[in-house]
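Undergrad: What follows is a structure written as structure tokens; I'll ask about it next.
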Amino acid sequence: MTPQPLDPSPWVFDPREWPEDDCVAAGADLEPGTIISAYRRGAFPMPHDGQLLWWSPMRRGVLEPAAVHISRSLRRSMRRFAVTVDRDFEAVIDACADPARTGSWIDRPIRTAYVRLHHLGWAHSVEVRNSDGDLVGGLYGLAIGALFAGESMFHHETDASKVAVAALAELVGPQGLIDVQWQTPHLASLGVTAWPRERYLAEIAALVDRPGPEWVR
């Protein structure tokens, strides 16, 4: 689906005004145009203690698709699962939002905003299913040109989320970039590195205006 045009946001995201801190702003809204405008400038929303905050980490976790690390065990897991794209976006975001998960942050307004962006052609999901057809892993995020901004992922079976990341890297391709917000040990094992904010902002300036992949699998 081709992303639909969005109304411009009244809010301005200007990196020149941001503090040297991961959290760069508070307030604004979750209208589609606001969210996409923020991502194009390197910021993303994440609520905390009931307040809508905007983040642009000083050390940004990124995955260059050509550098994804697929171990032998992961390659075996990839043969055990089936991967689809955009078949069940709402089930994926609901699994990511499970309040029983440690660090769960996806609240109702965030869910509503990203489901809306999915219907507008901006947000996408990668689903991983086992041999019984059960959804056991996946991820979702935003595709803005050649940049894929990952929001969250989950797994109910070993390696299912890693399979989703590997499939995403193949889909985005070597000319694109995957933003994962923060590097974690789990993501580092897949090849995720941390870039200084300045480098990340410089790189995405061109990426967000390049043609992106076809979201079909």
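The values are calculated or read from the model by the stated rules, or taken from the named source; none is laboratory data. Predicted, not measured: the structure shown is a model, and the values here were computed from it. Here Cβ is always computed from backbone atoms with ideal geometry, including for glycine, and neighbour counts include all displayed protein chains. Just so you know, the surface numbers come from the protein's heavy atoms only, side chains and all, with ligands and any DNA or RNA stripped out. Shrake-Rupley method; radii C 1.70, N 1.55, O 1.52, S 1.80 Å.
Undergrad: How big is the range 1-63 by the Kirkwood estimate over distinct Cα pairs, in Å?
TA: 12.5 Å
Undergrad: Tell me the label-point distance for the pair residue 58, residue 184, using the 7 Å Cα-to-Cβ offset, in nm and rounded to one decimal.
TA: About 2.2 nm, to one decimal.
Undergrad: Further question on the same structure: Under the Karplus relation 6.51 cos²θ - 1.76 cosθ + 1.60, θ = phi - 60°, what is the ordered set of whole-Hz ³J(HN,Hα) values for the range 60-73, x standing for Gly and Pro?
TA: Karplus-based 3J(HN,Hα) across the range 60-73 equals 8, x, 9, 10, 7, x, 5, 9, 4, 9, 10, 6, 4, 5 Hz.
Undergrad: Please report the base-10 log of the normalised intensity I(q)/I(0) for the range 122-172, using a Debye sum with one equal scatterer per alpha carbon and no solvent, at each q in 0.18, 0.22 (1/Å).
TA: -0.52, -0.73
Undergrad: Got a sec? Which residues in the range 161-183 would a label at residue 198 touch, if it sits 7 Å along Cα→Cβ and we count backbone N under 18 Å?
TA: Flagged as within label range: none.
Undergrad: If I take the Cα coordinates of the range 1-142 and project them onto the principal axes, what are the three extents in Å, biggest first?
TA: 48, 33, 30
Undergrad: Continuing with the same structure: If amide H atoms are built 1.01 Å from N in the plane of the peptide, which residues on other chains or at least 5 residues away come under 5 Å of the amide H of residue 52?
TA: For residue 52, the qualifying residues are 27.
Undergrad: What is the local net charge at residue 8, summed over the other residues whose Cβ is closer than 14 Å to its Cβ (Lys, Arg +1; Asp, Glu -1)?
TA: Cβ neighbours under 14 Å give a net charge of -1.
Undergrad: Can I ask one more? Going by amide H atoms built from the backbone, whose H comes under 5 Å of the H on residue 156, apart from near neighbours?
TA: 137
Undergrad: For the range 98-202, which trypsin sites (Lys or Arg not before Pro) are in a loop by DSSP, counting at most 13 other Cβ atoms within 10 Å?
TA: The qualifying sites are 101.
Undergrad: At 222 nm, what helix-only mean residue ellipticity would the chain give, in deg cm²/dmol to the nearest 500, using -39500 (n - 2.57) for each DSSP H run of four or more?
TA: The helix contribution divided over the chain gives -8500 deg cm²/dmol.
Undergrad: Moving on to the next point. Work from the charge dipole of the chain (Cβ charges, +1 for Lys and Arg, -1 for Asp and Glu, about the Cα centre) and give the residue of 119, 78, 50 farthest towards its positive end.
TA: 78
Undergrad: I've got another one for you. Not counting the cut sites, what is the longest span of the chain without GluC sites (Glu not before Pro) that DSSP labels loop and that have at most 15 other Cβ atoms within 10 Å?
TA: So the longest stretch without any such site is 21-213.
Undergrad: Round to a whole number: what % of the accessible area of the chain belongs to carbon and sulfur, probe 1.4 Å?
TA: Carbon-and-sulfur percentage of accessible area, whole number: 50.
Undergrad: Which whole-Hz couplings ³J(HN,Hα) result when phi for each residue of the range 115-126 is put into the Karplus expression 6.51 cos²θ - 1.76 cosθ + 1.60, θ = phi - 60°, listed in order with x for Gly and Pro?
TA: 5, 4, 5, 5, 5, 8, x, 9, 9, 9, 10, 10
Undergrad: Rounded to the nearest 20 Debye, what is the dipole magnitude of the chain about its Cα centre when Lys and Arg each give +1 and Asp and Glu each give -1 at the C-beta?
TA: 740 debye
Undergrad: Right, here's the next one. Find how much the distance from residue 105 to residue 87 grows on full extension, using 0.36 nm per residue of separation minus their present alpha carbon separation; answer in nm with one decimal.
TA: My answer for the length gained is 4.1 nm.
Undergrad: Now for a different question. Rounded to the nearest whole Å², what accessible area per residue is found for the chain with the 1.4 Å probe?
TA: Spelled out: the 1.4 Å probe surface of the chain, per residue, equals 49 Å².
Undergrad: Compute the distance in nm between two label points, each set 7 Å from the Cα along the Cα-to-Cβ direction, one at residue 72 and one at residue 4.
TA: 5.0 nm
Undergrad: Taking the Cβ of residue 69 as the center, what net charge do the other residues with Cβ under 15 Å away carry, scoring Lys and Arg +1 and Asp and Glu -1?
TA: Taking every Cβ under 15 Å from that of residue 69, the sum is +1.
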